[in-house]
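Remarks on the structure that follows.
The values are calculated or read from the model by the stated rules, or taken from the named source; none is laboratory data. The structure displayed is predicted, hence computed values, not measured ones. For neighbour counting, all protein chains shown are included, and Cβ atoms are generated from backbone atoms with ideal geometry for every residue, glycine included.
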Amino acid sequence: MTDFTSDMPRRRAHATKRGAEFVFYFSLIFVLAIPFVTGGWLLDVFQKQTLNLHGPLARAWAEADRITPILFSA
């Protein structure tokens, strides 16, 4: 049997703290993305004939979560 107690995986000491500026831009991108992703979601629903898809809010959140760090890394 393998002993994992001697080489435990390291955990982060704390989660990354996102500042007020990050939250502001994230919120702005999230709100602006909602109408666009809703249109894309409706197209996907009609094309694929299913509701078994991520909804517009989940898609907008993913877009904001993808775009905001790119803004701060530049």
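If you check ALA64, ALA20 for being surrounded by fewer than 10 Cβ atoms within 10 Å (Cβ to Cβ) and modelled with pLDDT of 85 or more, only one passes: ALA20.
Each residue in region 53-74 was checked for being of a type in the set (S, T, N, Q) and over 19 Å from PHE36 (Cα atoms), and 1 of them qualify.
Within region 28-54, track down each residue that is surrounded by 12 or more Cβ atoms within 10 Å (Cβ to Cβ) and either within 24 Å of ARG18 (Cβ to Cβ) or within 10 Å of the chain's Cα centre (by Cα) (or both). Passing the criteria: LEU28, ILE29, PHE30, LEU32, ALA33, ILE34, PHE36, VAL37, HIS54.
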